[in-house]
Amino acid sequence: MLSVGLVGLPNAGKSTLFNLLTKRSVPAENYPFTTIDPHDGVVEVPDYRIGQLSKLSSSKKQIYAAIEFRDIAGLIKNAHKGEGLGNQFLGHIQEVDMILMVVRCFKNDDIIHVENRVNPAEDDEILLIELTLHDEKRLETMIARLEKDRKDPHYKAKIEIIEHILSKLTQILPASEFVMDKTWDEELIKWRKSLNLLTDKPILRLANISYEGDNESFKSDFEIDIAMESQFEGMTKEERQEFGASGETAIDQLIAASYKKLGLGTYLTTGETETRAWTFTVGMKAPQCAGKIHTDFEKKFIKAEVVSFMEYIRAGSWKNAFEAGLVKTMGKDYVFEDGDVVEFKIGG
């Protein structure tokens, strides 16, 4: 299961957001470093398709896709030097697959800001600087190790790659901006991926705003009034709408956005026993997707019978979709699409 790390300065709203995401109670008091050990929570990915398919199939059980969220303690300036237990916290970020950067935009004198001001652009820069400096230190250590083993046939190429990445990092640009060359051999490509740099991870920026108060402007991927969402927690769709809020919670939208940012898609299976969402990495072919159900399915894969979700709904059942010619038989080279409804044929 892939994981998302909530990263931000102290009191940015990470722990309150984590509580909303996981419906687990973790400390969210108003002072720095409340969160020292990372807290993990597995979260279902909202998917309206599950309910619709389940109803058509009279399924006894519904199983959703899931991702893990990790609440990581607040970083501060010079965290890469160990300030505020920074090395420990940066190590926790190393373990996640994606960074959800929570940036405070709201003004509230009752909530302490570690820098004694509200400036989201500067906060964002502090966070990115700490991540890039951590990566720089990691790469410099790696160069020292490579210098001791010049017999490596990829020695020169690896040094060149590291230098190119370092040139990005010194400009406070993420390592992900250095793209792999398609002419590299497989071993070099695998080595590049194995660097596991913090700034290679996908980053989703979330602005924690206040709909009632003043906010500093900030260009983000997502905006949420975390405090207000906390007040709406437990309300029905109709109750939320009575208060002028969207029927779909911002938290549900954030979970779906994080799932997509991780590069994940969902295929579906349905029947009387269960309707289930299966997670795959976008670009995966049919045998690898089959292997998500069981490793033997990948080894013994014969074919996949596939119909799009919308066509399945219009047909009303697998039998109707099949008789209408909507079900396509796909082989080993078929690349799965999000929303495919599938039945696999497996050999003995």
Subject >> Net charge of neighbours whose Cβ lies under 12 Å from the Cβ of residue 124, counting Lys and Arg as +1 and Asp and Glu as -1 >> reply: -3
**OP:** Work out Dmax and Rg for the chain from the C-alpha atoms and quote the Rg first, both in angstrom.
**Re:** 23.2, 70
Original post:
Excluding same-chain residues fewer than 8 positions from residue 328, which aspartates and glutamates have a Cα within less than 12 Å of its Cα?
Top reply: 305, 311, 340, 343
Subject >> Calculated FRET value between residue 58 and residue 338, using beta carbons and R₀ = 30 Å, to 0.05 >> reply: 0.75
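About the Cα centre of the chain, how large is the charge dipole given +1 on each Lys and Arg Cβ and -1 on each Asp and Glu Cβ? Please answer in debye to the nearest 20.
In total the dipole reaches around 1480 debye.
How many Å³ per residue does the convex hull of the Cα positions in the stretch 297-348 occupy?
So the per-residue Cα hull volume is 75 Å³.
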Original post:
How much space per residue, in cubic angstrom, does the convex hull of the C-alpha atoms of the stretch 239-348 take up?
Top reply: 132 Å³
Original post:
Highest mean first, what order results for 155-162, 134-141 on Cβ atoms within 10 Å?
Top reply: 134-141, 155-162
Subject >> FRET efficiency estimate (nearest 0.05) - Cβ-Cβ, residue 121 to residue 296, R0 41 angstrom >> reply: 0.20
Original post:
Long-range amide H contacts for residue 282: which residues qualify at under 5 Å (H placed 1.01 Å from N, peptide plane, sequence gap of 5 or more or a different chain)?
Top reply: 264, 265
**OP:** Apply the Karplus parameterisation 6.51 cos²θ - 1.76 cosθ + 1.60, with θ equal to phi minus 60°, to every residue of the stretch 214-225 and state each ³J(HN,Hα) to the nearest whole Hz, in sequence, with x for glycine and proline.
**Re:** 6, 9, 7, 5, 7, 7, 10, 8, 7, 10, 9, 8
**OP:** Taking the Cα centre of the stretch 283-346 as origin, sum charge times position over the Cβ atoms of Lys and Arg (+1) and Asp and Glu (-1), and report the length of that vector in debye to the nearest 20.
**Re:** 220 debye
**OP:** Enumerate the lysines that residue 332 could reach by cross-link, defined here as Cα to Cα under 27 Å, with residues fewer than 8 away along the same chain left out.
**Re:** 182, 190, 193, 260, 261, 285, 292, 299, 300, 303, 319, 345
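Every number in this text was worked out from the coordinates using simple rules, so none of it is lab data. Keep in mind it's a predicted model, so treat the numbers as computed, not measured. FYI the Cβ positions are ideal-geometry reconstructions off the backbone, even for glycines, and counts take in every protein chain you see.
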